[in-house]
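A short write-up of the structure that comes next.
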Amino acid sequence: MEFYLFVLLNGLAYAALLFLLAAGLSLVYGVGRVLHLAHGGFFMLGGYMGYSLYQWTGSFWLALALAPLLALALGLLAERLVRVVYGPERALEQVLFTFGMAFVISDLTRLFWGAQVLGVPPPPALNRPMDLGAVVYPAYPLFLILIGAVVALGLWILMRFTRFGLEVRAAAGHPQMAEALGVPTTQVLQRTYLLGVALAALGGVLAAPRLALAPGLDFTMLILGLIVVVVGGLGSVSGALYGALLVGLADSFGRTFLPQFALAVIFLLMALVLVFRPEGLLGGRR
């Protein structure tokens, strides 16, 4: 039981990182029907900026606070560029444009940080084991689980009990009617895009002590993020949470018991969901 609990906690920690990535993907698609394929690039960019801030300041906490803010500034510029392909009838242009942006971000990170593998150590307060009674487990993954739970709760409160959340739900459900009633859907999409970028960059900084920062991380995380939103349902933040939990646990148990087929287990999970519920677990039927 101790061994299974250890594997379970590993899966939950990984699921927290996947949720931070996939929540932004779902939000942007839900509001603007924009499939943002550069999202994995902002995840990796957040990790690299966190690495540089840690090298300059020596503080993991400062890097964690400042990297998403820097990503917001870059996200504002990126949103201005992506705005030219807004619209549900321009899906092909969105895919090509954002996929090209992903390559640009990938090349820029290679230019500034090189191709070597980089990493950030956990903060000293979290770089120790914790006795949970049934198992002794590292503190940092538990911190990731806590952050994922706090962000999920915060997004739920934001979407359900704030004016911004009301505007997001209106723009996602009936954009033409929302526009007619005075909801600034373009501004709502811009703020949603920036929120998604900040969450992805936050996930990148948090992942730096757990995942190696190296070229290719962006597309790896993008594929996993897309699997999460497909499993959970495009446009649903709650679906992103459930999808992240399923994919994180499938990855953890797959790497433990079927290491040669760990990735196949994740794709099998996605295939089963698509067969029995093509719109995803919490996706709306169309």
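Here is how the numbers come out for the structure above:
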| quantity | calculated |
| --- | --- |
| J(HN,Hα) series, the stretch 109-121, from Karplus relation 6.51 cos²θ - 1.76 cosθ + 1.60, nearest Hz, glycine and proline x | 5, 5, 5, 7, 10, x, 9, 6, 7, 10, x, 10, x |
| Quarter of Cα convex hull surface for the chain, i.e. mean projection, nm² | 15.6 |
| Cα gyration tensor shape of the stretch 89-199, rounded if a/c is under 1.5, else prolate or oblate by comparing a/b with b/c | oblate |
| Computed Kirkwood radius, in angstrom, where 1/r is averaged over Cα pairs of the stretch 42-99 | 12.9 |
| Check: the chain dipole with +1 on Lys, Arg Cβ and -1 on Asp, Glu Cβ, in debye | 340 |
| Accessible surface of the chain, 1.4 Å probe, proportion on carbon and sulfur as whole % | 70 |
| Amide hydrogen neighbours beyond the local backbone of residue 130, cut-off 5 Å, H modeled | 137, 139 |
| Computed helical MRE - 222 nm, the chain, DSSP H runs ≥ 4 contributing -39500 (n - 2.57), nearest 500 | -25000 deg cm²/dmol |
| Three-way shape call for the stretch 159-286 based on the alpha-carbon gyration tensor, with the a/c threshold at 1.5 | oblate |
| Placed amide H near residue 233: partners under 5 Å, 5+ positions off or other chain | 281, 282 |
| Per-residue ³J(HN,Hα) for the stretch 239-253, Karplus 6.51 cos²θ - 1.76 cosθ + 1.60, θ = phi - 60°, Hz, x for Gly and Pro | x, 4, 5, 5, x, 5, 4, 5, 5, x, 5, 4, 5, 5, 5 |
| Solvent-accessible area per residue for the chain (1.4 angstrom probe, square angstrom) | 48 |
| Residue-by-residue Karplus 3J(HN,Hα) for the stretch 199-215, coefficients 6.51, -1.76, 1.60, Hz, glycine and proline x | 5, 5, 5, 4, x, x, 5, 5, 7, 4, x, 10, 10, 6, 7, 7, x |
| The stretch 5-84: C-alpha gyration tensor shape, a/c 1.5 cut-off, then a/b vs b/c | oblate |
| Cα centroid of the stretch 124-189 to Cα centroid of the stretch 195-210, whole Å | 13 |
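The values are calculated or read from the model by the stated rules, or taken from the named source; none is laboratory data. What you are looking at is a predicted structure, and each value in this text was computed from that prediction instead of being measured. Virtual Cβ from ideal backbone geometry, glycine too; neighbours counted across all protein chains shown. Keep in mind that these areas ignore ligands, DNA and RNA; they rest on the heavy atoms of the full protein, side chains included. Shrake-Rupley method; radii C 1.70, N 1.55, O 1.52, S 1.80 Å.
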